[in-house]
Amino acid sequence: MDEYFRINRQSSLLFIDLFPIILFTVLFQHAFPKEWEGEPMINIQFNLLSLGYCRLIVQDNGIEIKSEHGEDRDKHIGMTLVQILAEKQLNGTYSTENDSGVKVIVTIPLNKHKE
């Protein structure tokens with residue numbers, strides 16, 4: 001059982017420290033334009049999943065990724081950085097959804113990463 005939850009120091013620092021900060025910043029900067037009405041909300045969840053995976057979900061209630069304002073939030077350099085690190089460096093997955101705003105889901109294995 002310990003084998004599944006052994007976290008490499010380098011990958012845990014990237015995932016646990018860097019990803020939420022980048023995603024929060026990108027979502028906060030781009031989710032709520034001046035003409036947006038409502039109370040801004042950004043929710044960050046971190047879950048340990050079975051079989052040695054963890055999942056980070058960052059979700060806002062602002063404009064969608066491809067909004068009527070012409071901005072494609074999924075192409076932001078911060079989102080691209082998280083996607084590349086999650087998929088290429090940490091052997092994980094990255095996805096975005098329009099769900100009354102934007103939901104970013106990153107799943108990585110805790111002990112299987114590229115050296």
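The values are calculated or read from the model by the stated rules, or taken from the named source; none is laboratory data. Only a predicted model underlies this, so the values are computations on that prediction, with no experimental measurement involved. With ideal geometry, Cβ positions are generated from the backbone for all residues, glycine too; neighbour counts draw on all protein chains shown.
Worth pointing out:
- Of all residues in the stretch 22-43 being more than 17 Å from residue 83 (Cα to Cα) and touching a helix residue (DSSP H, G or I) at 6+ places or on another chain (Cβ under 6 Å), the one that is surrounded by the most Cβ atoms within 10 Å (Cβ to Cβ): 30
- Residue match in the stretch 64-75 (condition: at pLDDT 80 or above and not basic (Lys, Arg)): no
- Test: residue 95 is at pLDDT 90 or above, out of contact with any Leu (no Cβ under 7 Å at 6 or more places or on another chain) and either surrounded by fewer than 19 Cβ atoms within 10 Å (Cβ to Cβ) or part of a strand (DSSP E or B) (or both): yes
- Verdict on residue 82 being at pLDDT 85 or above and either more than 13 Å from the chain's Cα centre (by Cα) or not in a strand (DSSP E or B) (or both): yes
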